[in-house]
Amino acid sequence: KRLISLCFGCGNQIHDQYILRVSPDLEWHATCLKCAECNQYLDETCTCFVRGGKTYRKRDYIRLYGIKCAKCSIGFSKNDFVMRARAKVYHIECFRCVACSRQLIP
């Protein structure tokens, strides 16, 4: 006999046949697990991220919290080459001299 789980979203007991588990210990009703940003339902077909007790779909999480170029403020794709200068990250095209706009190389 399993223990009664409490839904992290609504706080009520989960009596459903299926429980959605996010992170190691957050359990949800299927109807309660939504993206905190866009309200889209999250299920086993999508990647889910948790930050500050809120759940996000991958696209919204990256838009809100992902690393962005220090010049253009646009995020990076997995295929982008980047340049790092101390704590800042740039697209290759954005890594330019501020005085003359010439592209800088490593």
*Going through region 49-78 one residue at a time, which ones are open to solvent by 100 Å² or more (accessible area, probe 1.4 Å), assigned to a loop (DSSP other than H, G, I, E, B) and at pLDDT below 90?*
Lys78
*Which one of Asp43, Asp25, Asp16 is among the charged types (D, E, K, R) and in contact with a strand residue (DSSP E or B) (Cβ under 9 Å, 6 or more places away or on another chain)?*
Asp43
*Matching residues, region 4-48, being open to solvent by 60 Å² or more (accessible area, probe 1.4 Å), in a strand (DSSP E or B) and of a type outside the set (A, V, I, L, M)*: Gln13, Arg21, Lys34, Tyr41
*asked:* Against the definition (acidic (Asp, Glu) and either in contact with a Leu (Cβ under 8 Å, 6 or more places away or on another chain) or not assigned by the TED database to the domain that holds Cys7 (or both)), how does Asp80 come out, yes or no?
replied: yes
*among the aromatic types (Phe, Trp, Tyr) and within 13 Å of the chain's Cα centre (by Cα), is that true of Phe49?*
yes
*Identify all residues within region 45-101 that are of a type in the set (Asp, Glu) and closer than 17 Å to Val22 by Cα; write none if there are none.*
Asp60
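The values are calculated or read from the model by the stated rules, or taken from the named source; none is laboratory data. Model, not experiment: these values are computed from the prediction. Counting neighbours? That spans all protein chains shown, and the Cβs are built from the backbone with ideal geometry, glycine included. Keep in mind that these areas ignore ligands, DNA and RNA; they rest on the heavy atoms of the full protein, side chains included. Shrake-Rupley method; radii C 1.70, N 1.55, O 1.52, S 1.80 Å.
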